[in-house]
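Everything on this sheet refers to the single structure shown next.
The values are calculated or read from the model by the stated rules, or taken from the named source; none is laboratory data. Because the structure is predicted, anything quoted here is derived from the model rather than measured. Ideal geometry is used to build each Cβ from the backbone, glycine not excepted, and the neighbour counts take in all protein chains shown. SASA here: full protein model, heavy atoms, side chains in, ligands and nucleic acids out. Shrake-Rupley method; radii C 1.70, N 1.55, O 1.52, S 1.80 Å.
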Amino acid sequence: MAMLDPQLVLGAYAVGVFPMADHRDAGSVYWVEPRTRAILPIDGFRLSKSLRKTITRDRFRVTADTAFERMIQLCAESAEDRPETWINSDIERVFTTLHRLGFAHSIECWEGEELVGGLYGLALGRAFFGESMVSRRTDASKVALAWLVARLKAGGFELLDCQFQTPHLASLGAVEIDRADYCALLAGALDGGTGSSVSSLAASSTAAGDFFALERLVPSPPPSEVVSGPVAGQDIVQLLVQTS
């Protein structure tokens, strides 16, 4: 099978389809269009008291797009609770290229200089397609998802696609919808941005979501303050509890 290319992958996501592999060492991928789709409403993130404390106290240093390749590699690694993953070398390669083109993004959680969790996904129009998230410390993936939702909210995104429902995602506010309803939401979030090339997909959008609006919306804290990144956790909490 021919290797994935960015144009093919972007076009697939624009119509609700995404690639997966059977295992890490698989030599090919298959295309998936679930009958039911998990989404997390941008205003529907479920912020528990314990998670709120974790974020407010800046337990992790949280960054965006500072270690994309390390993040996708961490997501692809086997672990005791996940001995096999669906991210093969072809998916890793094409998403690294999409990151360089400005479409794929990551949220990283750090303890000191150690990457201990986070997530990565794809932004297109006002939709963000969550691909994978991982924890090597308790609550690291929850913190990363909270930061992602706050970032999407600040940037005017309308759709956060989680692909498949899990108890973990459900506890954070994800819901399942049928394929027809998902496609309607996707069409609205893309707002016509379904061109046939990478350049047209990138340029289609005067109304695209802004993944980096958060840094402009929230003032940077003084360098002397210990925070979880360029934005303090208490600002993330404030964004999450605000209603549109």
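Let me check against my output: what whole-number percent is the relative contact order of the stretch 106-199, with C-alpha pairs under 8 Å and at least 6 apart?
Once normalised by length, the contact order is 25 percent.
From Cα pairs below 8 angstrom and at least 6 apart in sequence, can you work out the relative contact order of the stretch 1-74, rounded to a whole percent?
Across the stretch 1-74, relative contact order equals 16 percent.
Ordering MET133, MET3, MET20 from largest to smallest accessible area (1.4 angstrom probe), what's the sequence?
Values: MET133 50, MET3 130, MET20 25 Å².
Final ranking, largest accessible area leading: MET3, MET133, MET20.
Can you pull the percent of the chain's accessible area that's carbon plus sulfur, 1.4 Å probe, other chains left in place? Walk me through the numbers on the way to the answer.
Working: 5740 of 11190 Å².
Carbon and sulfur together cover 51 percent of it.
To the nearest 0.05, what FRET efficiency results for ASP191 and ALA67 with a Förster distance of 45 Å applied to their C-beta separation?
According to the calculation, E is roughly 0.90.
With θ taken as phi - 60° and the coefficients 6.51, -1.76 and 1.60, list the Karplus ³J(HN,Hα) couplings across the stretch 51-60 in order, rounded to whole Hz; mark glycine and proline as x.
5, 4, 5, 4, 5, 4, 7, 6, 4, 10
Please list, in chain and number order, the residues 5+ apart from VAL32 or on another chain whose amide H is under 5 Å from its amide H, with Hs placed from the backbone.
PHE18, MET20
Based on Cβ point charges of +1 for Lys and Arg and -1 for Asp and Glu, what charge dipole magnitude is obtained for the chain about its Cα centre, in debye rounded to the nearest 20?
Rounded to the nearest 20 debye, it is 640 debye.
Given axes a ≥ b ≥ c from the Cα gyration tensor, I'd like to know whether the stretch 68-113 is rounded (a/c under 1.5), prolate (a/b larger than b/c) or oblate.
Oblate is the answer for the stretch 68-113, as a/c is 1.5 or above yet b/c matches or exceeds a/b.
Cβ neighbours within 10 Å, averaged per peptide: list 149-158, 70-79, 176-185 in order, most packed at the top.
Descending mean neighbour count gives 149-158, 70-79, 176-185.
How high is the FRET efficiency between ARG216 and ARG93 when r is their beta carbon distance and R₀ equals 35 Å, given to the nearest 0.05?
According to the calculation, E is roughly 0.65.
With a 1.4 Å probe and all protein chains left in place, how much accessible area per residue does the chain have, in Å²?
Ligands and nucleic acids excluded, the figure is 46 Å² per residue.
Step through the residues of the stretch 140-147 one at a time and calculate ³J(HN,Hα) from phi using the Karplus curve (6.51 cos²θ - 1.76 cosθ + 1.60, θ = phi - 60°), rounding each to whole Hz and writing x for Gly and Pro.
4, 6, 5, 4, 4, 5, 4, 5
Tell me the relative contact order for the chain as a rounded percent, counting alpha carbon contacts under 8 Å between residues six or more apart.
With pairs under 8 Å counted, the relative contact order is 27 percent.
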